[in-house]
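A quick write-up on the structure given underneath.
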Number of protein chains: 2
Amino acid sequence: MFKDIIQVKNNPYFEHFVREMKQRDGIFLCTIATTKTAEIEGISAAGATPELRRYTAQADVEYLFYEKPLTIPEIPKNPLGPPSPVIITKAALNLMKLPIIIIDGGCEVKAKVPQYIFRQKGLNCITTGNAFDDGELLFMQAFKLAEEFSKFSRYVVLGESVPGGTTTALSLMTASGIDAFGRVSSSMLENAHDVKTMVVKRAHDAAKINNSSIYDDPVSVVEKIGDSMQIINAALAMRLCNDVPVILAGGTQMLAVICLMNVLEKFKGYKIKWENISLITTRWVFEDKTADFKGLSELIAPKATVLASALNFSNSQFSALQMYEKGLVKEGVGAGGLAGAGFLAGRFSFGELMKEIERLYDKMS
Amino acid sequence: MFKDIIQVKNNPYFEHFVREMKQRDGIFLCTIATTKTAEIEGISAAGATPELRRYTAQADVEYLFYEKPLTIPEIPKNPLGPPSPVIITKAALNLMKLPIIIIDGGCEVKAKVPQYIFRQKGLNCITTGNAFDDGELLFMQAFKLAEEFSKFSRYVVLGESVPGGTTTALSLMTASGIDAFGRVSSSMLENAHDVKTMVVKRAHDAAKINNSSIYDDPVSVVEKIGDSMQIINAALAMRLCNDVPVILAGGTQMLAVICLMNVLEKFKGYKIKWENISLITTRWVFEDKTADFKGLSELIAPKATVLASALNFSNSQFSALQMYEKGLVKEGVGAGGLAGAGFLAGRFSFGELMKEIERLYDKMS
């Protein structure tokens, strides 16, 4: 039916979701944060060096506004060459002309873009057992923001750029009792499962939490061992889905958001309209052999519509883009979800998107 | 034609403006800031005491989100009793269901609402000759934000809450060579023209500027003797009006914004689509006998559509609201412009608006 869309699992509400979404125009809401977790050796390849990784999120969103970063000299690259997935994001946004709304959920250095600021400071390493504070305030702000944005009656694509975020995602999933060790995706060629597992176990030990702590006080557990993006996007999605279709644009990190939504639904008694919730990632995450995206989706998101955009860079004229096929970059900044939104709404084909991606890459290099 | 709308002056583009606006839904974008100028004795009555006045802007926008302020215990009042005009704003927003977007242009204490933050710190008193810095960054951020919000194809109502703002408005107007001394409106019963004139003259002396300085470097002159709201709203209006109708919602302070737009049009060579610009204030500002709103409008805004909403509280069942008719409160937080938007778009009559205002007042007191 949609040749560029992969159904990751059985999706009971797929047709409902597409019908609701196609009636509307969209909005892109992207939450960024920096966490010291990303500075652990071997955790992330989002950004060429650990030093530059502190500015990856900021550079990503600056690129969306100015077609170049301002905080650092050039767009974040994987150490091995391929550019940040923000290039896919930007291409899809250009073709669809969606409004871009940035939420700073805690960047130590602030991006030079117009943005909602929900938290002034960056996040600590989760191994401290105390990653951030004011989680309830973050939740309330995101919830109230969603109330305003739902008035546009547009579908909303929720993205993120949080270096180190697959580790904080693993931390949240396992804290919720999901057996996710060794199954999450990564921005690295050799998925650093060992490092991630060790970091998460140290975090849970430091925070003195067990499998059930999160059901007693979910926000407080996320404050200890997760990240602020998880709370913000969960609150946004839960409120927005009452009125409009929501696309959680990402892979592992957005699965963690759904994981938190599950907990909050039980704990806070929210009624979540799962028929209006989808998660869309890239084919590279879906096919990642070092992870188990399908299995985790079935476990965590049985009711949400989970899809992957069939992006394929093997025929690109640029070798740096071809490297995406080697698994060097897989997802980020809402790339998979925005591509998927365009495919579902019939706004562009993969060929048209690829043309715009290559045009942007050519200007960049 | 519109029984609740007063044409303040000859408006060449009135019909064009209304036609463009009626085709769309709207957005409310409100910029807040605090300035030490407001702490000068006798300058402002926005807030019951000088101490509380530091939190008037924050309390105003908190009320829009929560129906109560969080930073201070109750909604700002004039020392003599009538509540902040935010009650009119809130009533109009409730009836029209417009999305509310807040921009913090420099509040010393941050409001507890989801908001764009363009500047971290509050503004100095203009008598220092150095009210704030980073004016070019504020301009750029506002301009880029307007680019995103123009994509909604909605008309935009630009409001403000800046205690002391009529004094910084007078300062900017006179710095642009407009003979505005003794002609601006005020939140006080006895308009404090003498105090305002003295403060402005001290500011201009301290900043070492004359009648023509602003034409050499407008942003730098506003940094010295104006306020950040003026730059932000001028940049927003200039960019938005390329694509959508814009309502500058306010009296004297929005005239100062138009004054700056005139200067920037000449200095920066921007082409401003004046046919898409209106300024809408309240009847209380229009009829203020201690000021000359009509004369200043003709001088500053010959091409913009300048209107006043014919609000009249004399028949209110609440005596605190009746005090509006004594000139104790006149305008603020976009009140006149939002009422006017509703009247022009046929979304409510004055009677319906009044009913909602009284309902809110009753809950508040």
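For region B:277-363, the square roots of the Cα gyration tensor eigenvalues, ordered a ≥ b ≥ c, give a/c of at least 1.5 with a/b no greater than b/c, which places it in the oblate category. Neighbours of B:ASN276 by Cβ distance under 10 Å: Lys/Arg scored +1, Asp/Glu scored -1, total -2.
Rounded to the nearest Hz, the phi-derived 3J(HN,Hα) couplings of region A:349-357 under the Karplus curve 6.51 cos²θ - 1.76 cosθ + 1.60 (θ = phi - 60°) are 8, 4, x, 5, 5, 4, 4, 5, 4, where x marks glycine and proline. Using a 7 Å projection from Cα along Cα-to-Cβ, the label point at B:HIS16 is separated from the same position in the remaining copies by 4.8 nm, smallest value first. Dimensions of region A:29-86 from C-alpha coordinates, computed as largest minus smallest value along each principal axis and given longest first, are 31, 24, 17 Å. Just checking the listed ones, B:THR49, B:THR34, B:THR252: in the Gaussian network model of chain B with Cα springs under 10 Å, the one fluctuating most is B:THR49.
Taking amide H atoms as placed 1.01 Å from N in the peptide plane, the amide H of A:ILE102 lies under 5 Å from those of A:CYS30, A:TYR116, each 5 or more residues away in sequence or on another chain.
With the highest mean first, a sort of the peptides A:231-238, A:36-43, B:226-233 on other beta-carbon atoms found within 10 angstrom per residue produces B:226-233, A:231-238, A:36-43. With a 10 Å cut-off around each Cβ of B:146-158, the average count of Cβ atoms from other chains is 3. What shape does chain A take by its C-alpha gyration tensor, where a ≥ b ≥ c are the square roots of the eigenvalues and a/c under 1.5 counts as rounded, a/b above b/c as prolate, and the rest as oblate? Verdict is rounded for chain A. Summary for B:PHE181: label point 7 Å along Cα→Cβ; distances to the equivalent points in the other copies, ascending, 7.9 nm.
Once the cut-off is 47 Å, how many percent of the Cα-Cα pairs in the protein assembly as shown end up in the long-distance tail? So the pairs more than 47 Å apart make up 21 percent of the total in the protein assembly as shown. Using a label point 7 Å beyond Cα on the Cα-Cβ vector, give me the inter-copy distances for A:GLU67 in nanometres, one decimal, shortest first. Sorted ascending, the copy-to-copy spacings read 4.8 nm.
Per residue of A:131-143, other chain Cβ atoms within 10 Å of the residue Cβ number 1 on average. Rounded, prolate or oblate for region B:35-130? Axes are the square roots of the Cα gyration tensor eigenvalues, ordered a ≥ b ≥ c, and the cut-off for rounded is a/c under 1.5. Cα axes put region B:35-130 in the oblate bin. Between A:GLN322 and A:ALA206, residue separation times 0.36 nm minus the direct Cα-Cα distance comes to 37.6 nm. Placing a pseudo-label 7 Å from each Cα along the Cα-to-Cβ vector at A:LYS68 and A:ASP292 gives an inter-label distance of 4.7 nm.
By Cβ position, the chain A residue that hugs the axis carrying A onto B most closely, with its distance in whole Å, is A:ILE117, 2. Neighbouring Cβ atoms from other chains, within 10 Å of the Cβ of residues in B:92-104, number 2 on average. Hand me the trypsin sites (Lys or Arg not before Pro) from region A:208-282 located in a DSSP loop with no more than 10 other Cβ atoms within 10 Å, in residue order please. When the trypsin sites (Lys or Arg not before Pro) of region A:208-282 are filtered for loop state and at most 10 Cβ neighbours within 10 Å, A:LYS208, A:LYS271 remain. Label-to-label distance for A:PHE2 and B:LYS3 is 5.1 nm, based on points extended 7 Å past Cα in the beta-carbon direction.
Measuring from label point to label point, each 7 Å out along Cα→Cβ, what is the B:THR49 to B:ASN242 span in nm? So the label points at B:THR49 and B:ASN242 sit 4.9 nm apart. Here B:ASN312 and B:VAL109 are evaluated by their C-beta separation; at R0 = 35 Å the FRET efficiency comes out at 0.50. Cα to Cα, under 20 Å, and not fewer than 8 places away if on the same chain: which lysines meet these conditions relative to A:LYS97? The reachable lysines, counting only those whose Cα sits under 20 Å from A:LYS97, are A:LYS22, A:LYS68, A:LYS151, A:LYS355, A:LYS363, B:LYS144, B:LYS151.
Of B:GLY340, B:GLY129, B:GLY159, the residue with the greatest mean-square motion in the GNM of chain B, using alpha carbon springs below 10 Å, is B:GLY129.
Since every read-out is calculated from the coordinates, none of them should be taken as a lab result. Quick caveat: nothing in here was measured; it's all calculated off a predicted structure. Glycine gets a Cβ as well: all are built from the backbone with ideal geometry, and neighbour counts include every protein chain shown.
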